[in-house]
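Student: Quick one: structure below, then a few questions.
The values are calculated or read from the model by the stated rules, or taken from the named source; none is laboratory data. Just so it is clear, the model here is predicted, and its values are computed rather than measured. Backbone-built Cβ (ideal geometry, glycine too); neighbour counts: all protein chains shown. Accessible surface is based on the protein model in full, side chains and every heavy atom, while ligands, DNA and RNA are left aside. Shrake-Rupley method; radii C 1.70, N 1.55, O 1.52, S 1.80 Å.
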Amino acid sequence: MNYLQFDFETDNEEQADELVALLSEQGFEGFEEIGNYLKAFIPEEIFSEEAFELVKDLSPIFRYTRSTVENINWNEKWEKDFEPVIVGNWVGIRAGFHHALHSVRHEIIITPKMSFGTGHHATTYLMVQQMESIDFREKSVIDFGTGTGVLAILAEMVGATKVLAIDNDEWSINNAKENVELNRCTKIIIELHDAIPATEKYDVIIANINLNVIIANMTAIAAASQTDTKILLSGFLKPDEVAIKDALAQHGLKYVSTSQRGEWIMIIAEK
């Protein structure tokens, strides 16, 4: 599969974060930040000039070059760039070729490939960080947009007895299955879904995707909630906070708190 590579020149980290959020919503699958430059990749077959024009209209950051990259070896690329992520003394996320992390309570080993959720991105970091404040013991969990499966894996590690991890991308599903097996998890079910199935209610709902998908699925999130369900949402920027709070209120869900890392935020809510 060929990929289109876009090299953007940005003025600061805030601009880069805004651009990543916008491009993620249009199907871009990988990002690299090097100084004031942001590399973004998208499969050539799903790239839309019309959608890209919308991004250009929404962002003032459009000094860029575009090229085609053939047959990217994503495994080799991730292995070269991937470094362990340490979230306090709470969680360490590393690849199998790294040394063991002895300074953390929970160690997650992943083969990151091209899926989101290595912990390097601010939203995944925030989700991992704030999961320490949630009691997962004997709880049922749904991880909507599981990516690498790292949040589902952590949920089982801290006591969840049933975890449904879903994603709409087959590559992510296969990667999550590999990582679940690598961490010897036995309570995680991984399924391909575009939205939260309207079949069960959960004690904890995790959704680290993007603003549009979360708002579009707020009805399903509310339907999957029960009394005292904890809801962890991320994948959006600080200016999006009002929109998320409004959507929560419209669906009978209670806002609890906001955490921030750079320009990215995550919100905890409850039924």
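Student: Add -39500 (n - 2.57) for each DSSP H run of 4 or more in the chain, then divide by its residues: what number comes out at 222 nm, to the nearest 500 deg cm²/dmol?
Tutor: On the way: 9 runs with 83 residues, N = 271.
Estimated from H runs of four or more residues: -8500 deg cm²/dmol.
Student: Per residue of segment 219-235, what does 6.51 cos²θ - 1.76 cosθ + 1.60 with θ = phi - 60° give for ³J(HN,Hα)? Whole Hz please, x for Gly and Pro, Karplus curve as stated.
Tutor: 4, 5, 4, 5, 5, 8, 9, 9, 3, 6, 4, 9, 10, 10, 10, 7, x
Student: Nearest 20 debye, what's the magnitude of the dipole of segment 178-225 about its Cα centre given +1 on Lys and Arg Cβ and -1 on Asp and Glu Cβ?
Tutor: Using Cβ point charges on Lys, Arg, Asp and Glu, segment 178-225 gives about 140 debye.
Student: How much of the accessible area of the chain, in percent, comes from carbon and sulfur atoms when a 1.4 Å probe is used?
Tutor: 47
Student: Where the only charges are on Cβ atoms (+1 Lys, Arg; -1 Asp, Glu), what is the dipole of segment 130-223 about its Cα centre, to the nearest 20 debye? Please list the in-between numbers first.
Tutor: Numbers: 7 positive and 14 negative charges, 49 e Å.
Magnitude of the dipole: close to 240 debye.
Student: Projected onto the charge dipole of the chain (+1 at Lys/Arg Cβ, -1 at Asp/Glu Cβ, origin at the Cα centre), which of Met266, Pro43, Ala160 gives the Cα projection farthest towards the positive end?
Tutor: In the chain, that residue is Ala160.
Student: Quick one: of Lys201/Lys245; Lys39/Lys177; Lys177/Lys201, which pairs are farther than 25 Å apart, Cα to Cα? If you can, show how the numbers build up before the last one.
Tutor: Numbers: Lys201/Lys245 21 Å; Lys39/Lys177 28 Å; Lys177/Lys201 23 Å.
Over 25 Å apart, Cα to Cα: Lys39/Lys177.
Student: Show me, for segment 94-111, the HN-Hα J-couplings you get by feeding each phi into the Karplus relation (A = 6.51, B = -1.76, C = 1.60, θ = phi - 60°), rounded to Hz, glycine and proline as x.
Tutor: Working through the residues one at a time gives 9, 8, x, 8, 8, 5, 4, 9, 9, 8, 10, 6, 10, 10, 10, 10, 9, 9 Hz.
Student: Sticking with this one: What dipole magnitude, in Debye to the nearest 20, does the chain give about its Cα centre under +1 on Lys/Arg Cβ and -1 on Asp/Glu Cβ? Spell out each step's value before the answer.
Tutor: Details: 22 positive and 43 negative charges, 230 e Å.
Dipole about the Cα centre, nearest 20: 1100 debye.
Student: Please list 3J(HN,Hα) in residue order for segment 196-210, calculated via the Karplus relation 6.51 cos²θ - 1.76 cosθ + 1.60 where θ = phi - 60°; whole Hz, with x for glycine and proline.
Tutor: Ordered by residue, 3J(HN,Hα) equals 5, x, 8, 10, 9, 10, 10, 7, 9, 10, 10, 9, 10, 10, 7 Hz.
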